[in-house]
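Note sheet for the following structure.
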């Protein structure tokens with residue numbers, strides 16, 4: 001019997017380079033389990049990549065990663081959807097999969113996949129564009145907001161099989177589609193569960209891209225309030241700069257509040273350095289205005305780091321307030337400061353929340369998430385004539 005072929009179209013870690021966070025890490029974690037759980041399937045990854053010198057296929061057991069050299073990967077405003085549509089559909093035709101599973105609702109992967117065969121395509125909605133785009137600024141941001149919403153509507157209107165990464169995402173897109181929506185969270189990489197805490201007193205940690213949606217300005221204002229009670233409070237910011245002007249705004253705010261010695265920009269980190277940051281943090285803080293799930297919350301929980309986060313998007317789907325984390329209102333720097341101060345002053349409370357967070361993170365182990373994906377794959381395989 002010919003092996004079933006599942007083709008996943010998505011961003012994926014570059015060969016020979018550290019695995020970064022977000023979608024690439026989540027997908028890598030899932031497929032490593034998929035290929036073990038279902039050895040009778042062939043799993044193919046089709047990914048546009050600007051790091052490889054030429055297109056190549058890397059094979060490991062029943063997993064085949066198709067790296068497509070694409071130098072314009074990070075210049076989306078200049079790349080017409082017709083180009084990525086042609087490239088991806090050409091690869092789909094070459095692989096001849098039974099199912100195509102595309103990540104996101106954008107032009108790179110979802111658009112060509114849904115045009116290939118809607119009945120045999122699965123779309124994972126990683127971000128709710130019509131919500132996230134409210135926080136995109138500047139001419140470029142407004143352009144992407146308009147085109148992104150249009151593409152989101154196009155894809156979801158035609159999709160029969162959808163995976164939402166949180167109940168919040170399902171609720172946000174269910175009026176845009178007649179398709180079947182399954183809720184499957186992104187997994188936590190097991191390495192995070194092995195981190196042993198060695199707290200640095202009064203150390204706060206933020207992990208994420210520096211952009212307006214993440215609400216770093218609110219966190220800086222909260223740190224200014226905290227400093228009045230906890231003079232040696234320290235905030236470590238881990239992540240790349242996504243919006244240069246916003247980064248300048250944050251730097252100016254730090255300076256105006258006299259926090260130059262209290263805030264450290266760590267930039268992007270490899271795994272050993274990232275694990276060290278989680279290990280040493282007393283409290284993890286996510287002040288976002290919009291999150292579909294918040295994988296970094298799951299990573300913090302897995303390391304036993306107590307979390308203070310906003311009631312934004314899918315974050316309340318991850319955190320039970322007062323049980324395995326603390327929730328505050330979006331934009332409320334005073335409330336955020338109060339929640340953080342309460343935790344900094346109570347080591348036992350930090351321990352209790354941290355342990356509860358670890359227990360919560362165990363529900364997102366890769367083998368659990370991978371089996372949920374297999375259930376969707378089998379349903380789609382069964383329903384297609």
Order by neighbour count: 9, 251, fewest other Cβ atoms within 10 Å first, most last.
251, 9
If I model a spin label at residue 96 and residue 40 as a point 7 Å from the Cα along the Cα→Cβ vector, what separation in nanometres do I get?
2.1
Taking neighbour Cβ counts within 10 Å as the exposure measure, how do 299, 38 sort from fewest upward?
38, 299
With a 10 Å cut-off between alpha carbons and a GNM built on the chain, which of 343, 83, 269 moves the most?
83
Say a paramagnetic label sat at a point 7 Å from the Cα of residue 175, along Cα to Cβ; which residues of region 123-154 have their backbone N under 14 Å from it?
130-131
In the P(r) worked out for region 190-363, what percent of Cα pairs fall beyond 25 Å?
23
Row for region 79-196, column shape: gyration tensor on C-alpha, a ≥ b ≥ c, rounded if a/c < 1.5 i.e. under 1.5, prolate if a/b over b/c, else oblate; value rounded
Arranged from highest to lowest average of other beta-carbon atoms within 10 Å per residue, in what order do the peptides 154-164, 232-242, 104-114 appear?
104-114, 154-164, 232-242
D (µm²/s, integer) via Stokes-Einstein for the chain, Kirkwood Rh across alpha-carbon pairs, 37 °C, 0.692 mPa s: value 152
Per-residue Cβ contact counts at 10 Å, fewest first, order 194, 303, 147, 29 as 194, 147, 29, 303
Need the full-extension length gain, residue 79 to residue 232, defined as separation in residues times 0.36 nm minus the C-alpha distance. One decimal, nm.
50.3 nm
Using Cα centres only, tell me the gap between region 335-355 and region 8-75 in whole Å.
39
Sites residue 264 and residue 351, calculated FRET efficiency, Cβ-Cβ separation with R0 30 Å, nearest 0.05:
0.75
Using a Gaussian network model of the chain whose springs link C-alpha atoms within less than 10 Å, name the residue from 126, 198, 367 with the highest mean-square fluctuation.
198
Using helices alone, what [θ] at 222 nm do you get for the chain, with -39,500 (n - 2.57) per DSSP H run of 4 or more residues, divided over all residues and rounded to the nearest 500?
-13500 deg cm²/dmol
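Values in this text are rule-based calculations from the coordinates and carry no lab data. Every value quoted in this text rests on a predicted model; they were computed, and no experiment measured them. Note: ideal-geometry Cβ built from the backbone for every residue, glycine included; neighbour counts use all protein chains shown.
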